[in-house]
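Have a look at the structure below before the remarks.
The values are calculated or read from the model by the stated rules, or taken from the named source; none is laboratory data. Just so it is clear, the model here is predicted, and its values are computed rather than measured. Please note: Cβ atoms are built from the backbone with ideal geometry, for glycine as well, and neighbour counts cover all protein chains shown.
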Amino acid sequence: MSFFDLFKKPGGPRIDPLGTDAAARLSAIHGASFARAWSPLEFERLLGERGVVGDGVFLGNATKPVGFVLSRIVLDEAEILTVAIAPEARGKGLSIPLLERHLDELSRRAVRTVHLEVEEGNEPALALYRRFGFKETGRRAGYYQKADGNRVTALTMTLGL
Ligand SMILES: CC(C)(COP(=O)(O)OP(=O)(O)OC[C@H]1O[C@@H](n2cnc3c(N)ncnc32)[C@H](O)[C@@H]1OP(=O)(O)O)[C@@H](O)C(=O)NCCC(=O)NCCS
């Protein structure tokens, strides 16, 4: 059985589009993943925005996702705004089918180029993006300020679909 067949098993993880009703859960996962949490209202506004596409990964029959990805489409380009898996669900490969399905959806919507920004040294995120063929296109030294005051480099990455 291949890795991706695991996600087709009845009762296994599934990937579904997200609506504004997921805003509170996304805010909670985001808050557990990044130094500055986006509020439920920010997620509600984003998910209600034309051109913003969100997908979630759900376990079993759960109605709330354990992870999500959000992108904004402008013409034939998209930017991945944020990707996060709840801390307790990380390291199980859930981000892979999530991103795969999301990129398929972007492609279906005629997106040809996908951009994103990631902190240098964020190894799980870099492994995920490289797996799908994202290439580094730029770096902004000291762009992010960490909670401890240290500054770290932001990498920009791009993928052609
Ligand atoms: C980035 C994130 C979504 C990845 O999800 P995950 O559940 O941790 O990772 P997965 O188990 O799905 O594996 C994805 C890849 O990361 C690798 N990986 C997972 N944990 C890792 C670790 N601790 N160190 C290095 N690589 C790791 C996996 O091996 C896999 O790569 P591969 O396909 O080359 O084998 C998750 O770590 C997260 O939410 N992080 C906090 C938020 C964040 O940083 N988002 C990205 C912002 S740009």
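Quick notes
- Residue in the stretch 48-64 that is surrounded by 15 or more Cβ atoms within 10 Å (Cβ to Cβ) and under 26 Å from Arg140 (Cα atoms) present: yes
- Tabulated pairs, the stretch 129-148, first touching a residue at least 60 places away in the same chain (Cβ under 8 Å), second part of a strand (DSSP E or B), C-beta under 8 angstrom, 6+ apart or interchain: Lys146/Val152
- Selected residue (only one of Glu79, Glu88, Glu117 is modelled with pLDDT of 95 or more and farther than 21 Å from Ala154 by Cα): Glu88
- Test set (1) assigned to a strand (DSSP E or B); (2) more than 12 Å from the ligand (Cβ to nearest atom); (3) touching a residue at least 24 places away in the same chain (Cβ under 8 Å) - Arg101 fails condition number: (1)
- Subset of the stretch 48-95 that is outside any strand (DSSP E or B), of a type in the set (A, V, I, L, M, F, W, C) and in contact with a helix residue (DSSP H, G or I) (Cβ under 7 Å, 6 or more places away or on another chain) - its residue that is nearest to the ligand (Cβ to nearest atom): Ala86
- Filtered residues of the stretch 112-161 (kept if assigned to a loop (DSSP other than H, G, I, E, B), basic (Lys, Arg) and away from the ligand (no atom under 14 Å from the Cβ)): Arg112
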